[in-house]
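The values are calculated or read from the model by the stated rules, or taken from the named source; none is laboratory data. Note that this is a predicted model, so its numbers are computed, not measured. Virtual Cβ from ideal backbone geometry, glycine too; neighbours counted across all protein chains shown.
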Amino acid sequence: MINPHLLETIMQIISDSGIPNDYIEIELTETTTDVEFTDLKHVVGGLQQQGVFTSVDDFGIGYSSLNLIRAIPWNVLKVDKSFLPTAADDDSGDCKSSIMFKHVVAMARELGLECIAEGVETKEQVDILRENGCMIAQGFYFDKPLPIEEFEKRLENQSYPLDKE
């Protein structure tokens with residue numbers, strides 16, 4: 001059973017942080033479905049009512065339930081790397097993963113969900129994502145996880161096109 005005060009606890013932590021709610025995204029893994037579905041729906045709905053974004057993480061790694069994304073008001077669907085098609089799938093004639101991935105991305109878009117591919121490590125994967133209409137990705141192809149100090153330093157040194165005039 002889910003903690004009956006989870007929503008209030010999360011909102012208190014966000015409030016104490018001083019960060020505006022619309023800058024926060026709470027990720028819940030697909031495997032969260034072993035908790036009471038109605039409780040999960042209540043927490044996600046409550047977070048969204050408070051302007052907090054929600055995402056279902058690792059979609060495709062477990063026994064993905066389409067009901068999970070139909071009945072719960074997520075903002076983001078994060079597709080697990082194990083669900084991504086590869087060129088090897090196409091070479092072997094097994095195009096099931098490509099077909100499934102393409103339709104998961106299309107379904108997410110039609111449902112108004114942002115779709116993010118996780119675990120992208122190669123240019124080949126980026127190309128496959130583009131071909132399938134998935135335009136947001138994360139993974140080692142782009143960068144490795146960084147210590148907070150290095151991340152902050154990069155942000156401080158970042159120049160943006162709008163800054164140049």
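Considering every residue within region 107-116, establish whether at least one is under 17 Å from the mean Cα position of the chain (by Cα), loosely packed, with under 12 Cβ neighbours inside 10 Å and not in a helix (DSSP H, G or I). Let's see the steps before the verdict.
Start the filter on region 107-116 by keeping residues that are under 17 Å from the mean Cα position of the chain (by Cα), which leaves 107-116.
Filter again for loosely packed, with under 12 Cβ neighbours inside 10 Å, leaving 110, 112.
If we keep only those that are not in a helix (DSSP H, G or I) as well, we get 112.
Yes; the residues of region 107-116 include at least one that is under 17 Å from the mean Cα position of the chain (by Cα), loosely packed, with under 12 Cβ neighbours inside 10 Å and not in a helix (DSSP H, G or I).
Only one residue in LYS96, LYS41, LYS81, LYS102 is modelled with pLDDT under 95 and over 28 Å from ARG130 (Cβ atoms). Which one?
Values: LYS96 fails: over 28 Å from ARG130 (Cβ atoms); LYS81 fails: over 28 Å from ARG130 (Cβ atoms); LYS102 fails: over 28 Å from ARG130 (Cβ atoms).
Answer to the check: LYS41.
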Item to complete: For VAL35, state whether it is at pLDDT 85 or above, among the aliphatic types (A, V, I, L, M) and surrounded by 15 or more Cβ atoms within 10 Å (Cβ to Cβ).
Response: no
Worksheet, complete the sentence: Of the residues in region 50-68, those that are farther than 18 Å from LEU84 by Cα, over 12 Å from the mean Cα position of the chain (by Cα) and either buried (at least 16 other Cβ atoms within 10 Å of the Cβ) or modelled with pLDDT of 95 or more (or both) come to GLN50, GLY51, VAL52, LEU68
